[in-house]
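Heads up, the thing below is written out as structure tokens.
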Amino acid sequence: MKSTFLSYGGGVQTFCLLLLAEEGKISRLDELVFADTGAEHPETYEHLEKVVKPICKKMKIKFVTVRMKKIVSDISRLNPEETLEYKKMFENTKKLSRNKRTIKRREEEQKMKIPRVMVTSLRDTIVKRRIVPSVNPSSRWCTSISKLVPIQQYIVSSKKNGEYVEQPIALIGLSADEMDRIYKPHHSEYVVKYPLIGLKMTRQDCIVYIRQRGYSVPPKSGCYFCPFQSKTQWVKLMRKHQDLFDDAIKLEEADLNFPTYGLRPAGGTLREIRGRWKDQSWFAVNGKDEGEEMACEQAGYCGL
Ligand code: SF4
């Protein structure tokens, strides 16, 4: 029966954990679970296919991809007049308690004949709900619905099928320089462990170890439209993946509260700042060492 899984984020730290497990330096893994938001950078998906999956195969551990599945109200097709009406209703119900708010909004949505649809990716959710992820850490709904919940659901159903022990262990890739991000899950589906902290390995140590093992440092993980990414990351996206940057603009501009609210809350809208960034020379990131640049920044945006 399985007992331990690696909660795989796609970036430096979790890749380091996989390599440590391969060398027998941390607990044996039964499988690797990757919660796919559907919005990782193409380089991350490529790294998963070309590097991570072959390592899992060699280690004889299963690579499991989990995805969200959620029913949401589809307000993507409201005309401007209906949008105003919806926004008013949304505002008016904000002060209700969580339960009452949900019930009231559902009732009002039914009156407005707003359809309920199934979404299977974070982008889909953003499009249908017309809400981009928030930089407010206390409302990290994007992480919750696209990562935490799908992993929990997978573990719950695997336990029901008798595939996992009653109290599985999830290995999480927080490093020793990220102690402030340690969290206690609000559920009891599995317990979490932080092997990199036990080994006193920082993110930079992980980069060194990955290179010593002969691998290149994986690209930074996270959704291409993540509001937590640095200016440098946005600029890199703009330069390397114009289509994804344009899509982030589209998502931002469709937000119910745009332009009051957006993906760069302190820096103007993406469309505005695209012009400014294009003119600046400091962000000449091409040619800069990928690993060194990432070493300066915080790890995965999700805060997992
Ligand atoms: S915090 Fe950022 S990377 Fe994580 S799910 Fe939300 S948008 Fe994606």
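Most simply put, the chain has about 25% antiparallel DSSP beta bridges, counting only bridges with both residues inside it.
Answer rounded, prolate or oblate for the range 37-148, using the Cα gyration tensor with square roots of eigenvalues a ≥ b ≥ c: rounded when a/c is under 1.5, else prolate when a/b is larger than b/c, else oblate.
On the way: a/c = 2.86, a/b = 2.49, b/c = 1.15.
Judged from the Cα gyration tensor, the range 37-148 comes out prolate (a/c at least 1.5, a/b above b/c).
Among residues other than Tyr209 with Cβ under 11 Å from its Cβ, the summed charge is +2 (Lys and Arg +1, Asp and Glu -1).
Other residues with beta-carbon under 15 Å from the beta-carbon of Ala254 carry, at +1 per Lys or Arg and -1 per Asp or Glu, a net charge of 0.
Near Thr4, the amide H atoms lying under 5 Å from its own belong to Asp30, Glu31, Ile169; only residues 5 or more places off or on other chains count, and H is placed 1.01 Å from N. Going by a ≥ b ≥ c, the root eigenvalues of the Cα gyration tensor, does the chain fall in the rounded group (a/c under 1.5), the prolate group (a/b larger than b/c) or the oblate group? Judged from the Cα gyration tensor, the chain comes out oblate (a/c at least 1.5, b/c at or above a/b).
Rounded to the nearest Å, what's the spacing between the alpha carbon centres of the range 31-46 and the range 96-175? Just the number, please. The distance from the Cα centre of the range 31-46 to that of the range 96-175 comes to 18 Å. Could you list, in their original order, any pairs among Lys236/Lys278; Lys70/Lys95; Lys57/Lys220 whose Cα atoms are separated by more than 18 Å? Exceeds cut-off: Lys70/Lys95; Lys57/Lys220.
Placing +1 on the Cβ of every Lys and Arg and -1 on the Cβ of every Asp and Glu, with no other charges, gives the chain a dipole of roughly 860 debye about its Cα centre. Here the Gaussian network model covers the chain, with springs between Cα atoms less than 10 Å apart; of Pro133, Pro168, Pro115, Pro115 fluctuates the most. In terms of its alpha-carbon gyration tensor, the range 111-166 comes out oblate; a/c meets the 1.5 threshold, while b/c is at least as large as a/b. Over the chain, Cα pairs under 8 Å with separation of 6+ residues give a relative contact order of 25 percent.
Rule-based calculations on the coordinates, nothing more; no lab input. Bear in mind that the values here come from a model prediction, so they are computed numbers and not experimental data. Cβ: placed from backbone, ideal geometry, glycine included. Neighbour counts: every protein chain shown.
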